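The values are calculated or read from the model by the stated rules, or taken from the named source; none is laboratory data. What you are looking at is a predicted structure, and each value in this text was computed from that prediction instead of being measured. Please note: Cβ atoms are built from the backbone with ideal geometry, for glycine as well, and neighbour counts cover all protein chains shown.
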Amino acid sequence: MSAIIDLRGNTDFASSPTRAGRRGRLDGDRISIFGSQKKIGVDNCLVSYCIDGLADAVTGSTGITISNSYLKD
């Protein structure tokens, strides 16, 4: 599955072919990748000022690329 996700407002997106919507409880990360996602690309993002971490990949997620982005805490 591939997608371009526009995060300029409140956004729901597909995290798998069968599930779309919000993750639920926020844990303070700006970018959260979870649920054994594979081959994820995050491109052209400005990420800053969050409670926990700027980006978090958990639960077996692999093949993640963050490119052309500015991360500032």
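Worth a mention:
- Applying the condition of being surrounded by fewer than 17 Cβ atoms within 10 Å (Cβ to Cβ) and farther than 10 Å from ILE66 by Cβ to region 27-43 and asking which residue is nearest to the chain's Cα centre (by Cα) yields PHE34.
- Total residues in region 27-69 satisfying the condition of being polar (S, T, N, Q) and at pLDDT 80 or above: the figure is 8.
- For beta carbons closer than 6 Å, sequence separation of 6+ or different chains, a first residue in region 57-71 that is within 12 Å of GLY35 (Cβ to Cβ) and a second that is outside any strand (DSSP E or B), the qualifying pairs are VAL58/PHE34; THR59/PHE34; THR59/GLY35; THR59/SER36; GLY60/SER36; SER61/GLN37.
- Unmet criterion (only one of (1) aliphatic (A, V, I, L, M); (2) modelled with pLDDT under 75; (3) part of a loop (DSSP other than H, G, I, E, B)) for ALA14: (3)
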